[in-house]
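Colleague: Just passing along the structure, written as structure tokens.
FYI, it's all coordinate maths here, none of it is from the lab. The structure presented is a predicted model; accordingly, all values stated were derived computationally and were not measured. Cβ coordinates were reconstructed from backbone atoms using ideal geometry, including for glycine residues, and neighbour counts include every protein chain displayed.
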Amino acid sequence: MRVFHGRYPSEVVAMLLVDATQEDQYRLLPSGWNALGAAMVERYRSQARWAPVDVDFGIKGLVLSLRGSQVPYLLLQRKYFEARASELETIQVSAEKARAAGDLGVKPLIVLTGGRNSDSILSGSMDQRELEEYQRVWVNDLQPRLVSLSSRGKWVVLPDSGHDVPADRPDAIVAAVRAISSSFRKQRSSGASLKGRREQPERL
């Protein structure tokens with residue numbers, strides 16, 4: 001979305017970022033996180049290679065069902081695993097494109113941040129010290145950098161949500177979209193200046 005805004009700024013009037021990545025994370029997060037990224041690429045590549053057998057013949061779905069796991073069908077397709085691997089392989093390139101896209105100026109921006117580190121993949125790949133460092137950098141450093149992309153940036157921390165905010169707090173996303181829409185409509189109807197000061201983080 002930030003890259004789209006950089007190319008077509010007139011097409012974007014506001015932005016919502018949901019526990020989004022920030023381009024400096026590759027040098028600021030613990031080394032264990034980068035090692036995890038490399039391992040995840042290989043994992044998804046392997047799953048994509050075996051998908052014709054595991055997925056097409058229903059083996060993967062059966063195994064997950066026996067474990068009591070409910071996985072959407074769209075996540076059990078070869079193209080999903082290929083897309084995930086490709087995303088992770090090129091994510092640093094995408095991050096630099098986002099950096100080059102610049103800021104949002106005075107356009108409304110809301111940044112939602114999951115305040116609870118409940119990611120099982122992270123906890124299974126890093127020790128306690130790295131997990132604490134990861135959470136500290138993610139919440140207290142990287143997310144505020146996103147808020148600073150706009151002079152009207154608003155930061156909302158969700159202490160009862162992990163990084164999968166759409167699953168943990170979908171209501172917060174709906175509320176943020178409504179808040180941005182309402183703010184823009186009021187500004188447009190009144191003709192008021194977009195200038196404003198950055199707000200302090202909320203905790204919902």
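Colleague: Mind checking the full-extension length gain between Lys79 and Ser181? Use 0.36 nm per residue of separation minus the Cα-Cα distance, one decimal, nm.
Modeller: Between Lys79 and Ser181, full extension yields an extra 33.3 nm.
Colleague: OK, next. What is the distance, in nm, between label points placed 7 Å from the Cα along the Cα-to-Cβ direction at Ala35 and at Ser148?
Modeller: 3.0 nm
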